[in-house]
Protein chains: 6
Amino acid sequence: MSTFSHWNEEGRPKMVDISQKQVSERTAIAQSKISLSDALYDAIKNGQIKKGDPLQVAQIAGIMGAKKTADIIPMCHPIALQGTDFSFHYEKKSEGYDLIIQATVKCAGQTGVEMEALTAASIAALTFYDMCKAVDKSMVIAETYLVKKTGGKSGDFTHEKIK
Amino acid sequence: MSTFSHWNEEGRPKMVDISQKQVSERTAIAQSKISLSDALYDAIKNGQIKKGDPLQVAQIAGIMGAKKTADIIPMCHPIALQGTDFSFHYEKKSEGYDLIIQATVKCAGQTGVEMEALTAASIAALTFYDMCKAVDKSMVIAETYLVKKTGGKSGDFTHEKIK
Amino acid sequence: MSTFSHWNEEGRPKMVDISQKQVSERTAIAQSKISLSDALYDAIKNGQIKKGDPLQVAQIAGIMGAKKTADIIPMCHPIALQGTDFSFHYEKKSEGYDLIIQATVKCAGQTGVEMEALTAASIAALTFYDMCKAVDKSMVIAETYLVKKTGGKSGDFTHEKIK
Amino acid sequence: MSTFSHWNEEGRPKMVDISQKQVSERTAIAQSKISLSDALYDAIKNGQIKKGDPLQVAQIAGIMGAKKTADIIPMCHPIALQGTDFSFHYEKKSEGYDLIIQATVKCAGQTGVEMEALTAASIAALTFYDMCKAVDKSMVIAETYLVKKTGGKSGDFTHEKIK
Amino acid sequence: MSTFSHWNEEGRPKMVDISQKQVSERTAIAQSKISLSDALYDAIKNGQIKKGDPLQVAQIAGIMGAKKTADIIPMCHPIALQGTDFSFHYEKKSEGYDLIIQATVKCAGQTGVEMEALTAASIAALTFYDMCKAVDKSMVIAETYLVKKTGGKSGDFTHEKIK
Amino acid sequence: MSTFSHWNEEGRPKMVDISQKQVSERTAIAQSKISLSDALYDAIKNGQIKKGDPLQVAQIAGIMGAKKTADIIPMCHPIALQGTDFSFHYEKKSEGYDLIIQATVKCAGQTGVEMEALTAASIAALTFYDMCKAVDKSMVIAETYLVKKTGGKSGDFTHEKIK
């Protein structure tokens, strides 16, 4: 089992020293999911917000959020991101819908972009909630996790949920 | 059914005009939940991070995150928060544990603090993930939602999950 | 003629003391304008960016920018904005087009929101440039000014350009 | 004609993937211009703000603004700037004066600093306006554009206005 | 003796609930002091930085820093500052000089601006150091403290150092 | 004697052009010190804040502050920090205690991290003050300086105070 790396001898959190790590190409994909009612789904699709698209706002907020990660998550290193994009799709369930949000982040650096992808996906989900909450406050952000990462010394990782 | 309020005539998102709303005392409670393995739970409790406590870092990040809400969520109004606090507890499941995170936020203003509470809870969950991910990257942020709000014209709200 | 209020006895800039001013309802409208070529206009309208709309991104950036004004403009007071919205329209010229951008900002406070409206309009213009510069780097942000303000001790103001 | 690069297949804005681009030395120069009345020009020059110099504040705000570009313009990459400086000069017109503001920004990276230079120039102009608006609210930010850029795959660019 | 108010039942830091406090006019004055060598003092005064004045940059950074306090100090409430100004003077010592920096901050709110004044003074001192460190890295920021505060339930406070 | 490097020909502050500098491994250590009364020291140690530890909050704020340096100090370059950690210890004096705070920051870049270390130490000291000021507002941040730096063209530096 690996050990906790983010803590110093005194039990206080530190920004891990990565000065001896190799620079490598890294990517991370994180997913978040929002459960919404049939009524809300219909309201979005039937144009009650006219040409408006909550996914457009969610994507912009998510990309800006990826860039804020080191400002939001205390021990994250500042990272020069090389690219960020999103995909969204709705899935019909027996009752209501799931909106699946995937964020992909890339960098070339000494540490990975897992937290950037997770933060981007979470902020996109929160923004979708904000843009639609006037209609329904009971949406649940159902599940957020790291889908996949590549690059770095610890190697590739794929979440068991999608294997 | 209520209507979408965050969009203008052109279908573009706007910061809603709240100038005609009454100032009222408002509170919001939001919850997030992380599923973790028995191995990670034991590592935290058995002092592998010595005196360190990931919940301490999560709480600080969450409170700072509540203050950043209007910077993170595009259409949120800047709000002078009057107080923010957290509670945390672990629940044993058949396999692994759930960490339950609750954020409470207060203000006196013309708009509510639902997004501040949801953002605070999400950022606390992401921070917990970051502080422990060296041990286990497969944690899932299992469920984030608005538990309760009071104050404001639309009145009180309690999520059906906790009724 | 009025005097410079933003400077102290030593000739250094200060954040003006507004503690003795009355709280009043205030609005400001600022305008920015971008000159673009016929080729760029056609590329936007003929769907080369598919469903994409640079105005959507510009509006979101502009609203987020209004909230950052006190962080960007050194002597601006932090202000609890009550609402921000935009209008956009294209005007055909003998050669090319003008995109007219108008930002409207509201608050109830001891100082006005002129800088918030001007900053919002400028950032929306810069964002439009960024979203389209891969096609044409020669766009000019042609004219940015305060169209109108209401509220506050100095009274209402309408720019001579629109009288 | 070049194509829009900042949009994904769904017509949503993305942070372009620059991971395959070469690192190169890059510079950008952007210009903004403010038209001011003879009365305001005289008030500044005749020492009504004593030792105070609005250009000093404008330059500091502009340099700080260059560093905030990726936070302000949604799809901009975070860039490690290597240097930023400004030049200013006043030009007498038949009526009033023009203040010419030029911002120069340098980096060594996979993407250019055009937006950083444009943002720096715009924020310097807005700050000049703020420092002088107590005397005259009718100033117009008359023209902002990219004067020149060097470096990068797309090669050098000089605006036709200065050819 | 007063009790620690910034900690919850679990020993974790919280943003104190001020919702029951009265709004009152509040001011705070904080001081910082930098010890510098005769050689550095002479270099500044004898125009080696031409028209440049490190105090100008320090004041602007300090005022912008006052506005960032709630973003920098984890448990501080966001506060709508009503005014911020600085005074500076040099004092000759037997060897070298002291630069005395005083920051004054005002608000009308439910909590005081002591941290805003202390943060403003500290950031002004750090900025002075940065602007002069090419000449002398051994400057010491010698003493930073709260000189005075007025307003609020706990009443006025004057530091014993200046009584 | 070295010359001031942060100023342009007009006497205005600039972000120094470092494009011709070599990338090198750099570290900086800065120290801050807070004088506190015996009463406050006892209150902290005797558990009046239960499990709470002001040093935990100070360390987190200091590390987040190191990352904000380029946003706080006007002419600092944005730097990709490679690691940040703190050490703390209390020293008994004839009357009261000194809390010694040391911040260590690392990067590989074209400019040093002296300002990042000084900013981190100062913000940790301010945060300690904030977490304890309900008990004692008269604490003094007694001395902040650069202890040591390595790397870069100007070579290593050790403050005379610790030689």
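The values are calculated or read from the model by the stated rules, or taken from the named source; none is laboratory data. Everything numeric here is computed off the predicted structure, so don't read it as measured data. For neighbour counting, all protein chains shown are included, and Cβ atoms are generated from backbone atoms with ideal geometry for every residue, glycine included.
The figures follow:
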item	result
Residue satisfying all of: in the stretch A:36-78; under 14 Å from the mean Cα position of the chain (by Cα) and of a type in the set (S, T, N, Q); nearest to the other protein chains (Cβ to nearest Cβ) among these	A:Gln59
Conditions (1) of a type in the set (Asp, Glu); (2) farther than 17 Å from A:Asp53 by Cα; (3) in contact with a helix residue (DSSP H, G or I) (Cβ under 7 Å, 6 or more places away or on another chain): number failed by A:Asp156	(3)
From D:Ser94, D:Ser37, residue being more than 24 Å from C:Asn8 (Cα to Cα) and not aromatic (Phe, Trp, Tyr)	D:Ser94
Filter result (part of a loop (DSSP other than H, G, I, E, B) and either on the phi > 0 side of the Ramachandran plot or more than 10 Å from chain E (Cβ to nearest Cβ) (or both)) within the stretch F:110-163	F:Gln110, F:Thr111, F:Val113, F:Gly151, F:Gly152, F:Lys153, F:Gly155, F:Asp156, F:Lys163
Considering residues of the stretch A:31-40 that are surrounded by fewer than 18 Cβ atoms within 10 Å (Cβ to Cβ) and in contact with a Gly (Cβ under 7 Å, 6 or more places away or on another chain) only, the residue nearest to A:Ser138 (Cα to Cα)	A:Ser37
Some residue of the stretch F:50-62 being closer than 21 Å to A:Ile73 by Cα, out of contact with any Pro (no Cβ under 8 Å at 6 or more places or on another chain) and of a type in the set (A, V, I, L, M, F, W, C)	yes
Whichever residue in the stretch B:116-150 is among the acidic types (Asp, Glu) and under 12 Å from the mean Cα position of the chain (by Cα) and, among such residues, is nearest to B:Pro78 (Cα to Cα)	B:Glu116
Among (1) within 11 Å of the chain's Cα centre (by Cα); (2) surrounded by fewer than 19 Cβ atoms within 10 Å (Cβ to Cβ), the one test that B:Lys93 misses	(1)
When residues of the stretch C:65-93 are limited to those that are without any contact (Cβ under 8 Å) to a residue 12 or more places away in the chain and of a type outside the set (Asp, Glu), the one nearest to D:Lys67 (Cα to Cα)	C:Ala70
Matching residues, the stretch A:95-150, being in contact (Cβ under 8 Å) with a residue 40 or more places away in the chain and of a type in the set (Asp, Glu)	A:Glu95, A:Asp98, A:Glu114, A:Glu116, A:Asp136, A:Glu143
Candidates B:Ile79, B:Ile63, B:Ile100, filtered to the one that is closer than 20 Å to E:Gly11 by Cα, crowded, with 23+ Cβ neighbours inside 10 Å and hydrophobic (A, V, I, L, M, F, W, C)	B:Ile63
Among the candidates E:Lys14, E:Lys33, residue that is within 11 Å of chain F (Cβ to nearest Cβ) and within 29 Å of C:Thr69 (Cα to Cα)	E:Lys14
Odd one out for C:Ser154 among (1) modelled with pLDDT under 95; (2) buried (at least 17 other Cβ atoms within 10 Å of the Cβ)	(2)
Pick from the stretch C:79-109, criterion of a type outside the set (Val, Ile, Thr), assigned to a strand (DSSP E or B) and farther than 18 Å from C:Thr27 by Cβ, ranking: nearest to the other protein chains (Cβ to nearest Cβ)	C:Phe88
Unmet criterion (only one of (1) part of a strand (DSSP E or B); (2) under 26 Å from C:Thr150 (Cβ atoms); (3) more than 8 Å from every other protein chain (Cβ to nearest Cβ)) for C:Glu25	(3)
When residues of the stretch E:3-15 are limited to those that are in a loop (DSSP other than H, G, I, E, B) and without any contact (Cβ under 8 Å) to a residue 60 or more places away in the chain, the one surrounded by the most Cβ atoms within 10 Å (Cβ to Cβ)	E:Arg12
D:Val23 being closer than 17 Å to F:Pro78 by Cβ, more than 15 Å from the chain's Cα centre (by Cα) and touching a residue at least 40 places away in the same chain (Cβ under 8 Å)	yes
Test: residue in the stretch C:106-115 that is under 25 Å from C:Gln22 (Cβ atoms), at pLDDT 95 or above and within 8 Å of the chain's Cα centre (by Cα)	yes
